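See structure below.
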Amino acid sequence: MTTYAAFHSSTTDPRAKFYRPVPNPNYIPGSTDPTKAQYVSSYELQKGKTQGNTPEFTLKGDLTYTWKNIDLSFGGEFYDSVFVNVLNTEEIPSWWNFNTGITLRGPKGSKLENLSAALLVQNVFDTVIWRANGYTGSFNGSVTPDYGRNIVLTINAKF
């Protein structure tokens, strides 16, 4: 296994192309004097690369329709693909997610006025959504699958 720092100066490691030495005019090979060392600078966020875990485009929208004591809702969200690492080598695909719900409220002026029931369905089409958890370095990241379809029933009562 190659350590993170070892490949900076290795010409055989493909990751070395993202790093280049910054010349030190006083460089002496093998010197332990830091003023005479050959410094290495990383170019992880090169032109054309994006920040890890950051989608370039997101979209979210909701529609709500109310009729008498009933609320209907439908919404969706889109997340563009993201890279899990800053070198843009590990990509999570873009995804869509849709949610829908209905809420029934007791009629005003009746004994049921203080009651309501709501049914929410999250991830209506039960798609697998991969989310980036973060990354621990330049070359590796971690992802986790999001929940599948969830159905939530909520009953509210005001006293």
Leaving out ligands, DNA and RNA but keeping every protein chain, what accessible area does L72 have, in Å² rounded to the nearest 10, with a 1.4 Å probe?
80 Å²
Order of exposure, largest accessible area first, which applies to L153, L119 with probe 1.4 Å
L153, L119
Cut-off under 5 Å, modelled amide H: who pairs with L112 long-range
none
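The values are calculated or read from the model by the stated rules, or taken from the named source; none is laboratory data. In this text, all values refer to a predicted model and were calculated from it rather than measured experimentally. Just the protein is used for accessible areas: all its heavy atoms, side chains included, with ligands, DNA and RNA removed. Shrake-Rupley method; radii C 1.70, N 1.55, O 1.52, S 1.80 Å.
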